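The structure appears right after this line, and notes come after that.
The values are calculated or read from the model by the stated rules, or taken from the named source; none is laboratory data. None of these values were measured; they are calculated from a predicted model. Cβ sites come from the backbone with ideal geometry, for glycine too, and all protein chains shown count toward neighbours.
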Amino acid sequence: MKLLMIYADQFAYQTRIKTLETVKDHQESKQIENALVGFIQVEKEDEEQVDKVETKLVKNLKWAAKKNNTSDIVLHSFAHLSMSKANPEFTVELFNRAEQRLKDANYQTYQTPFGYFLDLDLKAPGKSLARVFKEF
């Protein structure tokens, strides 16, 4: 898994182009303030160690959110950090499991629409730990 975490004063998105035929047609736009955005690349090899990868994902997101003094976390599938890509159904299930664990730990959690290219608007401060990359 590759995980790029960016703390954003403001993060907004709007669905633009559907990229997976298996997802429902959906139009959505949302703006979230003061959130940690996880740009997440789930890789093929992650399918063999789902519990380990899920735990590391949740721990890293919670750590970075705490460092940036936020309880809002956005999970965004970002299949541009590696050539290896997990099965889309596996990725959705992993995101759902991670989201539930974060909610159970009292985080306000969001997922961007899966299977779509999105218009993104990101306003991120230039401060220590506002941008962190992890690979596991």
Phe136 surrounded by fewer than 18 Cβ atoms within 10 Å (Cβ to Cβ), hydrophobic (A, V, I, L, M, F, W, C), within 27 Å of Lys18 (Cβ to Cβ) and over 14 Å from the mean Cα position of the chain (by Cα): no
Could you check, for segment 105-114, whether at least one of its residues is part of a helix (DSSP H, G or I), modelled with pLDDT of 95 or more and surrounded by 14 or more Cβ atoms within 10 Å (Cβ to Cβ)? no
Filtering segment 21-48 down to residues that are closer than 19 Å to Glu99 by Cβ and modelled with pLDDT under 95, which residue is surrounded by the fewest Cβ atoms within 10 Å (Cβ to Cβ)? Lys24
Identify, please: which residue in segment 60-85 is at pLDDT below 95 and either more than 22 Å from Tyr116 (Cα to Cα) or of a type in the set (Gly, Ala, Ser) (or both) and is, among those, surrounded by the fewest Cβ atoms within 10 Å (Cβ to Cβ)? Ser82
Any residue that is of a type in the set (Asp, Glu), within 15 Å of Met1 (Cβ to Cβ), in contact (Cβ under 8 Å) with a residue 40 or more places away in the chain and not in a helix (DSSP H, G or I) - is there at least one of those in segment 39-52? yes
Checking the structure you have, find out if any residue of segment 67-85 is without any contact (Cβ under 8 Å) to a residue 12 or more places away in the chain, within 19 Å of Ala124 (Cα to Cα) and assigned to a helix (DSSP H, G or I). no
Only one of Leu57, Leu94 is modelled with pLDDT of 95 or more, more than 20 Å from Arg131 (Cα to Cα) and buried (at least 18 other Cβ atoms within 10 Å of the Cβ); which? Leu94
Across segment 5-25, what is the total count of residues that are part of a loop (DSSP other than H, G, I, E, B) and either closer than 16 Å to Ser77 by Cα or of a type in the set (Ser, Thr, Tyr) (or both)? 4
